[in-house]
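All remarks here apply to the structure that follows.
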Amino acid sequence: MGRLMLLVALCVLPALVSAGRPVSQPFVLQGRVYCDTCRAGFETSATTYIAGAKVRVECKDRNSMQLLYSIEGITDSTGTYKIMVTEDREDQLCDAVLVSSPQSDCASVDPGRDRAAVILTRYNGIVSDNRYANSMGFLKDHPMSECTQLLQQYQEFED
C-alpha cells in the first residue's frame with residue numbers, strides 16, 4: 001500500500017505542479033518617451049525624457065484590423081516604460097502608442113514618432129522575453145533658444 005501511494009505521488013504531484021504554473025514567461029516591452037525640445041523630428045542632445053507619460057500597447061487582427069488586446073503603462077523618472085504582456089500575440093499586429101504627456105508645454109504628438117511596431121510572439125526566432133520599441137516623442141510648443149545652434153551642428157557634414 002505504501003509503495004502504491006509513493007508511485008501515485010511521484011506520478012501525480014509533478015503533473016499538478018506543472019498545471020498550476022503559467023505556460024510561458026510574459027514578454028517585457030520596454031521603450032522611452034521623449035520631449036523634442038528643438039522640434040527637430042528626432043532625438044538630439046537637447047532632448048529630454050518624460051516621466052509620467054502614458055503609453056498603450058495595442059494588438060490588432062492582421063486581417064480585420066479589429067482590436068484584440070490593449071494594455072497601458074506609464075514611464076518612470078527616466079522616461080522609460082516597461083509593460084508586461086502575458087500572452088503570445090502570435091500573428092497579430094502590435095504597436096506601442098503614445099496616449100498622453102503630463103507636460104502641458106510638450107503634449108503635441110510628433111507625427112511619425114507617435115507609435116512603434118513591436119513583435120510579441122515567440123514564433124520568430126527571438127529567444128529573449130524582452131522586447132524593445134523605438135522611442136516615441138512629443139513636440140515642445142516652442143523650440144528652445146539654443147536649438148538653432150544645435151541643429152546647425154547636424155548640418156555641418158552634409159554634402
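Assorted remarks:
- Long-range neighbours under 7 Å by Cβ, at least six apart or interchain, first residue without any contact (Cβ under 8 Å) to a residue 60 or more places away in the chain within the stretch 34-52, second surrounded by fewer than 18 Cβ atoms within 10 Å (Cβ to Cβ) and of a type in the set (Ser, Thr, Tyr): TYR49/THR78; ALA51/SER77
- The stretch 97-117 - residue that is touching a Phe, Trp or Tyr at 6+ places or on another chain (Cβ under 8 Å) and either β-branched (Val, Ile, Thr) or under 14 Å from ARG56 (Cβ atoms) (or both) and, of those, surrounded by the fewest Cβ atoms within 10 Å (Cβ to Cβ): VAL109
- Strands (runs of 3 or more DSSP E) contained in the stretch 67-159 and holding at least 1 residues over 18 Å from the mean Cα position of the chain (by Cα): 136-139
- All positions within the stretch 111-139 that are more than 18 Å from TYR81 (Cα to Cα) and at pLDDT 95 or above: LEU139
- The stretch 103-117 residues that are within 14 Å of GLU43 (Cα to Cα), paired with ones that are of a type in the set (Gly, Ala, Ser) and crowded, with 16+ Cβ neighbours inside 10 Å (beta carbon under 7 Å, 6 or more apart): ASP110/GLY137; ARG113/GLY137
- Cβ-Cβ contacts under 8 Å between residues 6 or more apart (or on different chains), taken from a first residue in the stretch 61-76 that is touching a residue at least 12 places away in the same chain (Cβ under 8 Å) to a second residue that is among the hydroxyl-bearing types (Ser, Thr, Tyr), are listed as GLY73/TYR81; ILE74/TYR81; THR75/TYR49; THR75/TYR81.
- Filtered residues of the stretch 69-86 (kept if surrounded by 14 or more Cβ atoms within 10 Å (Cβ to Cβ) and farther than 30 Å from ASP141 by Cα): TYR69, VAL85
- Condition check for VAL118: under 22 Å from LYS140 (Cα atoms) and touching an Asp or Glu at 6+ places or on another chain (Cβ under 8 Å): no
The values are calculated or read from the model by the stated rules, or taken from the named source; none is laboratory data. Bear in mind the structure is a predicted one, so any value in this text is a computation, not a measurement. Because the Cβ atoms are built from the backbone with ideal geometry, glycine has one as well, and the counts that use them run over all protein chains shown.
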